[in-house]
Amino acid sequence: MIRYLIKNNFKIMFRNGVNLIIYIIGPVIVSAVLSSAFSAIFESYEGASEFKAGYSIEEDSNLYPYIDTLKDIGEENGVYFVEYEPGTAEESVRGYDLRGFVEFGPDSYTVYKSNDYQTEGAVLEYLMNTFFTAMISGDIENTEIRIEHPDYAPAIDSTDYYGIIYIIYFGWLAIVCAAGLLSNERKHNIPERLQVSNLSAFQIYMSRLVPLVCSVGLSLGIAAVCNSLLLGVHWGNIILSSVIVLALIVAASSFGLMLYEFTNSTVAAIFIAFALIWTMGFIGGTFESYIMSSMPEWLKHLMPIYHSNRALVELSSMGKSDYVISAITIPCAITAVCSAMSVGVAGLRRRVR
Amino acid sequence: METILKTVDLTKRYDNRTVVDNLNLEIKKGEVFGLLGPNGAGKSTTMNMICNLIKPDFGSVEFMGKDFRKNKRELSGKLGYIPQHLAIHGNLKAWENVELFTSLYGIKGSELKKRIDESLEYVGLSERRNDYAKTFSGGMKRRLNIACAIGHHPELIIFDEPTVGIDPQSRNFILEKIRESNKNGATVIYTSHYMEEVEAICTRIAIMDNGKVIASGTSEELKKLVSDDVNSITLEEVFLTLTGKKLRDL
């Protein structure tokens, strides 16, 4: 019954030139500008390959018996330890082009990192932390240490990062795409005409949600392809990434439509949505990369956009992510809650009239 | 004649103001029923209650012998509503607008295509079927508004001030089409502030004021309420005599 309504609502949204600019050209331009502007920051975080690190150890150090084991584990992970005289950490790093240095005291150690090689420094620190945690537990011989995908060292450049992040950000702003349709419906009392034909609140809701998701999804799909072709953005696992983007578009659309149902105003709904999503993006890595963000982890985790951002960025850089499930389930939960509230409020408003 | 629509003690209050007060209307099948009244008389609220857009505080609407509210699913397809506002999408072509609203009544496929052609032909917009509604003149938009409401072949059509703000040619065309619909078997409820229109097309007229019907009958019967010489008085004079000349500022 609402097939033709969905089809025509989709046409209204997709024919709007402003929508095409916002959802196709917008992400491409913003991605290009930001990836260019922040490329230097990301370059310093490029993944570490094999590297040489120095160490020094005092003769009375309690850690002496473990040095050979540490060197073996280091080699397995591409970190080659070379011994230097105690007290020469800084000059050795400079003089022998070392990526880092570990100074072993009687029962402690100090890691020296070079400002020029932050990722290698982080890898060295990670290796030492992991090694000593295993050593303290007393099972160092049977402990396997692998540095495959250290989560502090993103193997992603600014093009991939912003090329992905801004597809997500514009996806969360889905309600803007429905503005023309909703304004026209409101201006011309079209929902009343739909009600005369006995359309339920749920059917009217679906007649907006489905074309909105299709329209934003299609536009952002084109934008993502443009990003890949023009900027060289890599998406990693395309199927999983598509599912995540689709889930967030459905959630964003239902969230926007719920705001519209509550406020009964397109302008108010867009304003509130934009303010909330901007804040969410500010904390969750849309503007400042979440990798370098100083925001508390717990706060970032509260932002649905952070889960989408992190899942897609990690899929692109590492091919897998622990955030995939939350990046799908959180939008699904948002969709269920917002849809129920939208239909509930619309139904209630009808009964009250 | 068989009754197609009946309001029984229909009442609606907003805050402490009674907008429609125990309204009892009976519309016979095949007639063109005119509903007149000054601003704030309760016409639109009555229409909205008939169309199930507003819930009455008391009373009911019987449509084709059944309580309309309780039998919406079965009966809504037999009602056509042409709202005063242009309920069309400017960014859709004429045929797409008709498709959208006609399909809401379960019409699809080749039958839907046939109904779209038929509706556009009916309102004289066949040649402009592929043009966007936003490019249409006021009169054309009004005609498209009508086409969107008749594609499902309703038995009762409600015209809520369908000729507001259009040129005499378009107005004449719309009135002709209302007559034609009636001849083809549709019952019509017509509201307007243009008395000469109502007089020209309506077989029976009710005048509402303060939520109640204060007079009803044929044009001649209404005129007789005010003057014995029906030829010397217009419907507008009857209306002003019955409802008063005081401005109705809402």
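The table below lists the values:
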| read-out | value |
| --- | --- |
| Flag for B:Lys6 being surrounded by fewer than 16 Cβ atoms within 10 Å (Cβ to Cβ) and modelled with pLDDT of 90 or more | no |
| Selection count, the stretch A:225-267, where residues are of a type in the set (Asp, Glu) and without any contact (Cβ under 8 Å) to a residue 40 or more places away in the chain | 0 |
| Residue match in the stretch B:52-74 (condition: away from chain A (no Cβ under 14 Å), polar (S, T, N, Q) and touching a residue at least 60 places away in the same chain (Cβ under 8 Å)) | no |
| Only one of B:Ser60, B:Ser119 that is in a helix (DSSP H, G or I) and hydroxyl-bearing (Ser, Thr, Tyr) | B:Ser119 |
| Subset tally (residues that are within 12 Å of another protein chain (Cβ to nearest Cβ), open to solvent by 70 Å² or more (accessible area, probe 1.4 Å) and over 22 Å from B:Lys177 (Cα atoms)) for the stretch B:104-123 | 1 |
| Some residue of the stretch B:20-37 being surrounded by fewer than 21 Cβ atoms within 10 Å (Cβ to Cβ), among the aliphatic types (A, V, I, L, M) and in contact with a helix residue (DSSP H, G or I) (Cβ under 9 Å, 6 or more places away or on another chain) | yes |
| Number of positions in the stretch A:5-21 that are open to solvent by 30 Å² or more (accessible area, probe 1.4 Å) and modelled with pLDDT of 90 or more | 4 |
| Test: residue in the stretch A:55-73 that is within 30 Å of A:Asp157 (Cα to Cα), polar (S, T, N, Q), in contact (Cβ under 8 Å) with a residue 40 or more places away in the chain and more than 14 Å from chain B (Cβ to nearest Cβ) | no |
| Residue among B:Asp67, B:Asp15 that alone is in contact with a strand residue (DSSP E or B) (Cβ under 9 Å, 6 or more places away or on another chain), open to solvent by 10 Å² or more (accessible area, probe 1.4 Å) and among the acidic types (Asp, Glu) | B:Asp67 |
| Strands (runs of 3 or more DSSP E) completely within the stretch B:165-250 that count 3 or more residues being open to solvent by 60 Å² or more (accessible area, probe 1.4 Å) | B:212-217 |
| So B:Leu92, is it at pLDDT below 90 and of a type in the set (A, V, I, L, M) | no |
| Members of the stretch B:87-103 found to be open to solvent by 40 Å² or more (accessible area, probe 1.4 Å) and within 7 Å of chain A (Cβ to nearest Cβ), listed by number | B:Asn91 |
| Test: residue in the stretch B:181-192 that is in contact (Cβ under 8 Å) with a residue 12 or more places away in the chain and over 27 Å from B:Phe68 (Cα atoms) | no |
| Qualifying residue in the stretch B:87-103 (condition: more than 22 Å from the chain's Cα centre (by Cα) and either under 23 Å from B:Asn182 (Cβ atoms) or β-branched (Val, Ile, Thr) (or both)) | no |
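The values are calculated or read from the model by the stated rules, or taken from the named source; none is laboratory data. Owing to the predicted nature of the structure, the values given are computational and were not obtained by experimental measurement. Every residue, glycine as well, gets a Cβ built from its backbone with ideal geometry; the counts of neighbours run over all protein chains shown. Surface accessibility is based on the protein's heavy atoms, side chains included, excluding ligands, DNA and RNA. Shrake-Rupley method; radii C 1.70, N 1.55, O 1.52, S 1.80 Å.
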